[in-house]
Structures are given as structure tokens and as C-alpha cells.
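See below for the structure under consideration.
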Amino acid sequence: MSEGSKGSSLAFGQVVIGPPGSGKTTYCHGMQQFMGRIGRKVTVVNLDPANEAMPYQCAVDIAELITLSDVMENLKLGPNGGLIYCMEYLEANFDWLQEKLAAFRGHYYLFDCPGQVELYTHHGALKNVFAQLAKWNFRLAAVHLVDSHYCTDPGKFISVLCTSLSTMLHVELPHVNVLSKMDLIEQYGKLAFNLDYYTEVLDLSYLVDHLASDPFFSNYRRLNEKLVEVIEDYSLVSFVPLNVQDKESMRQVMQAVDKANGYSFGDQEHRNLEALMSAAVGADFHFTSTLAVQEKYVQSQDKAVEEEVMDL
């Protein structure tokens, strides 16, 4: 709970969602450390019954209630069916979750969620868990992580945009989409457009034209055009770039989430943040996260070109 919140019963936090391998657990670990440095009391809640190796300090663990391995073994279910069963079991045991969370009143909560996409696009169990948390006066924002390597493939990026839009409409929470692992993006290949094209989701017709140059995708141009029209008609999807190793990037994401869920921190936390950022990047840091990452990406590309020229 924030120093500046009016209602003493209010609690603030993030539900961290996204596909497998998008960096949810790493994000929770990094955000727990970052917020701890500025004096915010953070409680991490693991809601992933398949999460066995947690690098962060876990205060509440769904494994105390149910685990995926037990469900798969006892009910003879696969991993997807097992995860759905676990979320339905959690939904049926709200009293357990409420009792566990009550021990951390006044804290800021990070909910580390499973990586099954169906749970965020059409299945209702996890959505109902979030709705119940709202009834308990939790003010939550959904942080939807997407691996930045999808930007290097126009077809995959359109798919990611559709998934992100579907998730936003289904989860029904204030939403922040995040492109994770930005520190690794140069390893995935050269982007067809500048980075802000992908973060701001600008005119997607250029992306369709880029796809049409591929003989395979040229046969599906009309389908891609219609998908792009749906995304643009809603005008909801945009991304915040994230490099967990970079404090400026973490600050940008934290402030976007605070704005989404209405968290307002007090003077002491603000002073701690200023001190932390001054030590990290110097006293003057008016550049945006996108420009900083874009500059690093361009520099790495220029260096690669120079090395190729030298080889010749």
C-alpha cells in the first residue's frame, strides 16, 4: 500500500503475465530488487504451479496449495490441462489466498502468473482470480511481457499484437505491454524498422507490405490486412521496452505501471528513486527508454557493418 493512498484498506500491485519464456520470473525478481532499493515494501506471490526454481524471495507460493506435477501424476493430465485444473482449483480456494495475503498488509504485490496463453485469452479461471482480488480492494495492473525477438519477424509480430489485444480485452485490467529482453535484441537480427515503430505500433500497412515480399505470406495478404485493421481499429496496443539489467528501463516500466494502477508514492520513495537514478545514469537523464535502447541497437548494427567492411 502506498504512503499517499487515501484508503487504508487499498492494496496495489501487478499481475505479471505472458507466454512461456517471456521473462516473467526474471521480471519479478528484478522489480522486487528495484522497488526494494527505493524503499517500497514488496511481496512476491507465485501463482505458477509449475514454477520450481524461483530466484526471488517468495512470500506466498501456490505450491503450498497445489502443484502441476502432482496434478499431472494423480489425474493423468498433460501440462496444459494440468495448469487449467490448478487455476480452477485456486479459484475454488479463494479463502486460502485471502488468508496468505492478509499477512502482508501494507505491501506492494507482484503476482508471478503461469505462462499458458489460453489462461489470458479465453479461459476464465485466472480472470476470476483477478476479479476477486479487485473485490478485496486490490488495485492491480496487468504487465504483459512479450519477448522482443518477435520484432525481427513481421509475421510473428502481427501474431503477438493479436494475442496482446485479445489478452487486454479478456483480462479486463489496466494494462501495460512490455517488450522484454531488449538487451538481447541485436542477437536476433536486424529490425525492418526503427524500434519506436514496434513500441508505438505505428502504421502497420508497412508491415503488411514487408510481409508481402515473402512468397509464402504474399498468398495471405488479405488476411494480414484484416488482422492489422482489427488491431488498429481498437488502438489499444503499444509497448514499453524493458532491459531488466538497466535501471532507467526499469524506472520507465515501473512508472508506466504506477500510472496504470493509480499508485502514488510518498516523498521519501521519490527521493530514494532520484538518488538511485542519479547514481545509475548521472543526475541528468531526460532521454526516454526507447531512445536509449534504439541508440544501443543502432550502434551495435553500425559496429557489425564496420567489422564486415574490415573483413573485406
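The values are calculated or read from the model by the stated rules, or taken from the named source; none is laboratory data. Just so we're clear, the structure is a prediction, and the values are computed from it rather than from any experiment. Virtual Cβ from ideal backbone geometry, glycine too; neighbours counted across all protein chains shown. Each accessible area value is taken on the protein alone, full model and side chains, heavy atoms only, with ligands, DNA and RNA left out. Shrake-Rupley method; radii C 1.70, N 1.55, O 1.52, S 1.80 Å.
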> Once the other residues with Cβ under 13 Å from the Cβ of Asn93 are scored (Lys, Arg +1; Asp, Glu -1), what is the net sum?
Replying inline: -4
> Hey, can you rank 186-194, 29-37 by average C-beta count inside 10 Å, highest first?
Replying inline: 29-37, 186-194
>> For region 52-82 and region 240-256, what is the centre-to-centre distance using only Cα atoms, to the nearest Å?
In response: 29
>> Taking the Cα centre as origin and putting +1 on Lys and Arg beta-carbons and -1 on Asp and Glu beta-carbons, what dipole magnitude results for the chain, to the nearest 20 debye?
In response: 940
>> Can you order the peptides 153-162, 108-117, 224-233 by their average number of other Cβ atoms within 10 Å per residue, highest first?
In response: 108-117, 153-162, 224-233
> In what sequence, largest accessible area first, do His149, His270 appear using a 1.4 Å probe?
Replying inline: His270, His149
> Rounded, prolate or oblate: which fits the chain, taking a ≥ b ≥ c as square roots of the Cα gyration tensor eigenvalues, rounded meaning a/c under 1.5, else prolate when a/b beats b/c?
Replying inline: oblate
> Rounded to the nearest 500, what is the chain's calculated 222 nm mean residue ellipticity when only DSSP H runs of at least 4 contribute -39500 (n - 2.57) each, over all residues?
Replying inline: -16000 deg cm²/dmol
> In the structure displayed, which of Lys76/Lys226; Lys41/Lys181; Lys41/Lys156; Lys100/Lys259 lie more than 32 Å apart, Cα to Cα?
Replying inline: Lys76/Lys226; Lys41/Lys156
>> Between region 175-223 and region 124-157, how far is it from one alpha carbon centroid to the other, in angstrom?
In response: 21
> What shape does region 170-279 have by the C-alpha gyration tensor, where a ≥ b ≥ c are the square roots of the eigenvalues, rounded means a/c under 1.5, and otherwise prolate means a/b greater than b/c and oblate the rest?
Replying inline: oblate
>> Whole-Hz ³J(HN,Hα) for each residue in region 235-249, computed from phi via Karplus 6.51 cos²θ - 1.76 cosθ + 1.60 with θ = phi - 60°, x for glycine and proline: what do you get?
In response: 6, 10, 8, 8, 10, 10, x, 9, 10, 4, 7, 10, 5, 5, 5
